[in-house]
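Below is one structure, written out as structure tokens; the observations come after it.
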Amino acid sequence: MGDLFLKAVKLKRSGVSSFKEYPFSIPSIRDLDELVFEASVTFFIGENGTGKSTLLEALAVAAGFNAEGGSRNFRFATRASHSPLHEHLRLVRSGVRPRDGYFLRAESFYNVATAAEDYGVNQYYGGDSLHAQSHGESFMALVLHRLKGKGLYFFDEPEAALSPTRQLSLIVAMQGLVERGSQFVIATHSPILLGYPEAQILQFGIGPITPVEYKETEHYVVTRAFLERPEKMLRELMGPDTQDGEVDSSLRSE
């Protein structure tokens, strides 16, 4: 691993007017002081609403990317929905500057695809219109054709459009980019992507952000338990005492 472009992020706590207001009321943000990046690939994980995508978005915006995604040259806006968190972050960078960069947001990639057509840059994504491809195909066109290496890349839930096989293909593509001096920060729910070797995995929850090993993540534990005994888990999930949307904690540790 070479010198990382992004070494750490610090929350400028003295400038926050209230930690009772969003997004500073989110426990992982409220307890944030400094977060250190220790690997070429860092994953943010946690339940919905724990702040992983909020922090990822703020990091990308603070690094100069458009809030809806794209490269630093994309300057479009369809609906301002990002939080002011980026205004309160200080990025600790190395002396090495990235030659490339991209912010991939699954939820707004349609808007990025439209902007790519408007800017006339489809040739950098393989030549075909991103709108003329499936969601997954357009994601992979971005990764395989647009990303050049020596870059700083922020991905928010890239697995949203990718089949399990395509997620494995993404891991291979990421490895090639890492070997060419790139750094990734990724928010994900995918137990497949989390298996990337020697990645840093950071858990968001009800307290401070903490590192966790791959096989200790809920993503790995629950997925493994389900795949080993799907019938048993489904019987318990669909039992008469199960509340809607509620998974018993015992199922997570099977």
Legend entry - Cα shape, segment 174-232, gyration tensor, a/c 1.5 rule: oblate
Inset, instruction - Quick one: what are the phi-derived ³J(HN,Hα) couplings along segment 55-71, Karplus 6.51/-1.76/1.60 with θ = phi - 60°, whole Hz, x for glycine and proline? - result: 5, 4, 4, 5, 4, 5, 5, 5, 7, x, 8, 5, 4, 8, x, x, 7
Legend entry - Per-bin percent of Cα-Cα distances, segment 132-247 [10 Å]: 12, 35, 31, 17, 5, 0
Legend entry - Among beta bridges that DSSP assigns inside the chain, antiparallel share in %, nearest 5: 35
Legend entry - Cα gyration tensor category, rounded, prolate or oblate, for segment 1-74 with a/c compared to 1.5: prolate
Legend entry - Distance between segment 144-195 and segment 1-62 - C-alpha centres, whole angstrom: 20
Inset, instruction - Mind listing the long-range amide H neighbours of ASN66? Cut-off is under 5 Å, sequence gap 5 or more, other chains count too, H placed in the peptide plane at 1.01 Å from N. - result: PHE74
Inset, instruction - Show which lysines lie in cross-link reach of LYS232 when reach means a straight Cα distance below 22 angstrom and same-chain residues fewer than eight apart are skipped. - result: LYS215
Legend entry - Fully extended contour minus Cα-Cα distance, from LYS12 to THR223, at 0.36 nm per residue: 72.2 nm
Inset, instruction - Show the residues, 5+ positions off or on another chain, whose built amide H is closer than 5 Å to the amide H of LYS7. - result: VAL92, ARG93, SER94
Inset, instruction - With a Förster radius of 35 Å, plug the Cβ-Cβ distance of LYS148 and GLU47 into 1/(1 + (r/R0)^6) and report the FRET value to the nearest 0.05. - result: 0.50
Inset, instruction - Could you pull out every one of the lysines with an alpha carbon less than 26 Å from that of LYS10, ignoring same-chain neighbours closer than 8 positions? - result: LYS20, LYS52, LYS150
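Read-outs throughout are calculated quantities, based only on the coordinates presented, and are distinct from any laboratory measurement. Please read all numbers here as calculations on a predicted model, not as lab measurements. Counting neighbours? That spans all protein chains shown, and the Cβs are built from the backbone with ideal geometry, glycine included.
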